[in-house]
Amino acid sequence: MDSATILAEISRQVIVCEKCALHFSRKKGVPGEGPNRVTVMFIGEGPGFYENEQGRPFVGQAGKLLDELLAKAGLKREEVFITNVVKCRPPGNRDPLPEELAACSSYLDAQIEALQPLVIVTLGRYSMAKFMPNAKISNTHGQAVWVNGKLVVAMYHPAAALHQPSIRPQLEADFARLPEFIKMAKADLHLHSGMNEKPAEPEEKEPPKDQPTQLSLF
Ligand code: SF4
């Protein structure tokens, strides 16, 4: 199955999913959106009020801020994939529960597998914890680490910057470094694809004209 078919199938399953209790209170499941193959994938926490209404990720105030931050990094929303660790809204925007994160993780894993992003940006501590279970976001934000062949960069959630204005300059500074992280991931890809290339065959030399050519026996 190609990436587009897999992503469409994940979306189809998410909107009817009943694997955890969040399906009781959701209005619309929010699978995520973006192209079928991307350089950068953003993973937030869970849908909020407007996302639950529209079935689309990051469409409220946090989404507006995300669009601004993307523009500062020279990226457009249409060229990245945006999703969350849980695809249905936790009631009252509470934190997702461990059993909800566990139930929903196979959708995110399948999306990562289909998209094959070079860089994964986690927004907030719940998506960061998927890749760096023991990290603290206050220490780790803005740093890039390799996890299973992907460059993972932890950042604050845009909603956190809206609630605590002191976080915003840090989030802006982290986004400003995104082009640098993309370049780093592309350089690594280039290096490894070069290592997998077949070494050039030594040039076959014609035998000197005055020596007889050995005849093949087969
Ligand atoms: S949050 Fe995930 S696991 Fe739970 S019902 Fe929604 S799609 Fe299914």
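Read-outs throughout are calculated quantities, based only on the coordinates presented, and are distinct from any laboratory measurement. Keep in mind the model is a prediction, meaning the values are calculated, not measured. So basically every Cβ, Gly included, is an ideal-geometry build from the backbone, and we count neighbours across all protein chains shown.
At a glance:
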quantity	calculated
Residue, nearest to the ligand (Cβ to nearest atom), within the range 27-54, restricted to residues that are within 19 Å of Leu97 (Cβ to Cβ) and among the aliphatic types (A, V, I, L, M)	Val30
Test: residue in the range 99-112 that is over 21 Å from Lys28 (Cα atoms), without any contact (Cβ under 8 Å) to a residue 60 or more places away in the chain and loosely packed, with under 15 Cβ neighbours inside 10 Å	no
Those residues of the range 1-25 which are farther than 29 Å from Leu75 by Cβ and touching a residue at least 12 places away in the same chain (Cβ under 8 Å), in sequence order	Val16, Cys17, Lys19, Cys20, Ala21, Leu22, His23, Ser25
Residues of the range 34-53 satisfying the condition of being of a type outside the set (Ser, Thr, Tyr), crowded, with 18+ Cβ neighbours inside 10 Å and not in a helix (DSSP H, G or I)	Gly34, Val38, Val40, Met41, Phe42, Ile43, Gly44, Glu45, Gly46, Pro47, Gly48
Total residues in the range 63-101, condition on the phi < 0 side of the Ramachandran plot and either part of a loop (DSSP other than H, G, I, E, B) or of a type in the set (Val, Ile, Thr) (or both)	16
Meets criteria (part of a loop (DSSP other than H, G, I, E, B), touching a Pro at 6+ places or on another chain (Cβ under 8 Å), away from the ligand (no atom under 15 Å from the Cβ) and farther than 16 Å from Pro90 by Cβ) for Val59	no
Matching entry among Ile82, Ile112 (being among the β-branched types (Val, Ile, Thr) and touching a Gly at 6+ places or on another chain (Cβ under 7 Å))	Ile82
Subset of the range 8-26 (residues that are part of a helix (DSSP H, G or I), within 6 Å of the ligand (Cβ to nearest atom) and under 22 Å from the mean Cα position of the chain (by Cα))	Val14
Matching residues, the range 39-50, being out of contact with any His (no Cβ under 8 Å at 6 or more places or on another chain) and closer than 17 Å to Leu70 by Cβ	Thr39, Val40, Met41, Phe42, Ile43
Residue check for Cys104: in a loop (DSSP other than H, G, I, E, B), closer than 30 Å to Glu53 by Cα and out of contact with any strand residue (DSSP E or B) (no Cβ under 8 Å at 6 or more places or on another chain)	no
